[in-house]
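Okay, structure first, notes after.
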Amino acid sequence: MDFIDLKSQQARIRQDIDRRISAVLDHGQYILGPEVFELEERLQDFLGVRHAITAASGTDTLLIALMALGIGPGDEVITTPYTWISPAEMIALLGAKPVFVEIQPDTWNIDPDHLAGAINERTKAIIPVSIYGQPADLTAINRIAKDAGGIPVIEDAAQSFGATHHGRRSGALSLIGSTSFFPSKPLGCYGEGGALFTDDDELAERMRWIRLHGQERKYHHPIVGINGRLDTIQAAILLAKMEIFEEEIALRQSVADGYAKRLADSVLTLPVVAEGNTSVYAQYTVLSSERDALQARLNAAGIPSVAYYSVPLHLQPVFSGSGYHLGDFPITERTAAAGLSLPMSAYLTSEAQDRIAEVILQ
Ligand SMILES: *Cc1c(COP(=O)(O)O)cnc(C)c1O
């Protein structure tokens, strides 16, 4: 059993992928070829945004967004301690300070009730992460950011691409949205990739320049940028995967329903989808007070599982100079100690789910 089954999907669309990769090999425009711009249009339509800007990864997208906002030394950027390191890492890379805010006990996303208290005159941006596939409460976060004088909000939708918040797609919920096309994400390519989303024309232009060495037009560089482009071949692969993505979202949700049904009587805490949200279940994550024992039992039965973010970001050595300590974020720390992600993909069979549930309920 695979933790994330990428093979079944590939078997389904292999011909289309081969055809699209061949087309790239034939035209030979490996960098910013036509597939890149076709994909950006598809993404704009999918999210209902004015601009989609593809990039080399879902980490570069965060870096590009922060650079476009002019974040630098002396600035503070608020983010969540319960996630992959990229947002906090890119904040620190630019010389700014990541300021962590406690998460909600049920959705495990940043808690808007703790947000206002973390804002001060140095706060230059907020990066909520939509963890495990469910949008953060961007309605409340946007309102708090606006009331605080219009602080830019960048949603890290690396895990939630395809999910919705009050009918609007994740990635299109704030000033800037960022996603990743890492192979195991809900929409993944066969290498590195990511994209940025915004309705703001000026920001979009700056982010396009930064993606390409700060270049406005050939050999004219008004600002500092990076080499942050998505490969044409990855764009071609993503175009093939976009064809079946809506259907896969529905399949992922029915797999999640299958888990919820089978595990309803267990002692585990199951994921909760807040009112107004849908989730794409990048992960199906449960909480167990005996997480390590449960993982060992699954392991012995040949069932893979992952304890993501078991060391939350405020306790990572790289941020040890930031003045955070064990006990600062009890809900984060409790979730990090109890969280276990089970096998998840659109193609997980009900027989596999039966087996997983059987081992868990033993
Ligand atoms: C995967 C991920 C990223 C980074 O994406 P890459 O494409 O691997 O750089 C950033 N943020 C979150 C929340 C992620 O899950």
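Taking the listed residues K218, K241, the one that is exposed (fewer than 15 other Cβ atoms within 10 Å of the Cβ) and not small (G, A, S) is K218, with no other qualifying. The combined condition, being more than 13 Å from E243 (Cα to Cα) and open to solvent by 90 Å² or more (accessible area, probe 1.4 Å), is not fulfilled by F3. Please work out which residue is nearest to P343 (Cα to Cα), limiting yourself to the stretch 161-210 and to residues that are assigned to a helix (DSSP H, G or I) and open to solvent by 10 Å² or more (accessible area, probe 1.4 Å). Across the stretch 161-210, the extreme among qualifying residues is R208. Any residue at all in the stretch 184-191 that is closer than 25 Å to V280 by Cβ, out of contact with any helix residue (DSSP H, G or I) (no Cβ under 9 Å at 6 or more places or on another chain) and within 14 Å of the ligand (Cβ to nearest atom)? For the stretch 184-191, residues closer than 25 Å to V280 by Cβ, out of contact with any helix residue (DSSP H, G or I) (no Cβ under 9 Å at 6 or more places or on another chain) and within 14 Å of the ligand (Cβ to nearest atom): present. Taking the conditions (1) buried (at least 17 other Cβ atoms within 10 Å of the Cβ); (2) without any contact (Cβ under 8 Å) to a residue 24 or more places away in the chain in turn, T107 satisfies each one other than (2). The set of residues from the stretch 20-33 being open to solvent by 30 Å² or more (accessible area, probe 1.4 Å) and in contact (Cβ under 8 Å) with a residue 24 or more places away in the chain comprises R20, I21, A23, Q29, Y30, I31, L32.
Under the condition of being in a loop (DSSP other than H, G, I, E, B) and surrounded by fewer than 17 Cβ atoms within 10 Å (Cβ to Cβ), the residues counted in the stretch 251-287 number 9. Selection of helices (runs of 4 or more DSSP H) fully inside the stretch 1-111 by the criterion of at least 1 residues being within 16 Å of the ligand (Cβ to nearest atom) and not acidic (D, E) returns 34-47, 60-68, 86-93. The test for being in contact with a strand residue (DSSP E or B) (Cβ under 8 Å, 6 or more places away or on another chain), within 15 Å of the ligand (Cβ to nearest atom) and of a type outside the set (A, V, I, L, M, F, W, C) holds for P135. Restricting the stretch 116-132 to residues that are over 30 Å from I244 (Cβ atoms) and assigned to a loop (DSSP other than H, G, I, E, B) leaves a set whose member that is farthest from the ligand (Cβ to nearest atom) is E121. Scanning the stretch 305-321 for residues that are among the aromatic types (F, W, Y) and open to solvent by less than 20 Å² (accessible area, probe 1.4 Å) yields a single hit, F319. Each residue in the stretch 309-322 was checked for being free of Cβ contacts under 8 Å to residues at least 60 places away in the same chain and of a type outside the set (A, V, I, L, M), and 4 of them qualify.
The single condition among (1) open to solvent by 10 Å² or more (accessible area, probe 1.4 Å); (2) within 14 Å of the ligand (Cβ to nearest atom) that D147 does not meet is (2). For the stretch 323-358, residues that are outside any loop (DSSP other than H, G, I, E, B), touching a strand residue (DSSP E or B) at 6+ places or on another chain (Cβ under 7 Å) and either open to solvent by less than 30 Å² (accessible area, probe 1.4 Å) or free of Cβ contacts under 8 Å to residues at least 12 places away in the same chain (or both) total 8. Summed over the stretch 127-150, residues that are of a type in the set (S, T, N, Q) and over 30 Å from A346 (Cβ atoms) total 1. Only one of the listed residues (I176, I237, I226) is closer than 26 Å to T332 by Cα and within 16 Å of the ligand (Cβ to nearest atom). That residue is I176.
The values are calculated or read from the model by the stated rules, or taken from the named source; none is laboratory data. None of these values were measured; they are calculated from a predicted model. Here Cβ is always computed from backbone atoms with ideal geometry, including for glycine, and neighbour counts include all displayed protein chains. Side chains are part of the model used for accessible areas, which takes the heavy atoms of the whole protein and leaves out ligands, DNA and RNA. Shrake-Rupley method; radii C 1.70, N 1.55, O 1.52, S 1.80 Å.
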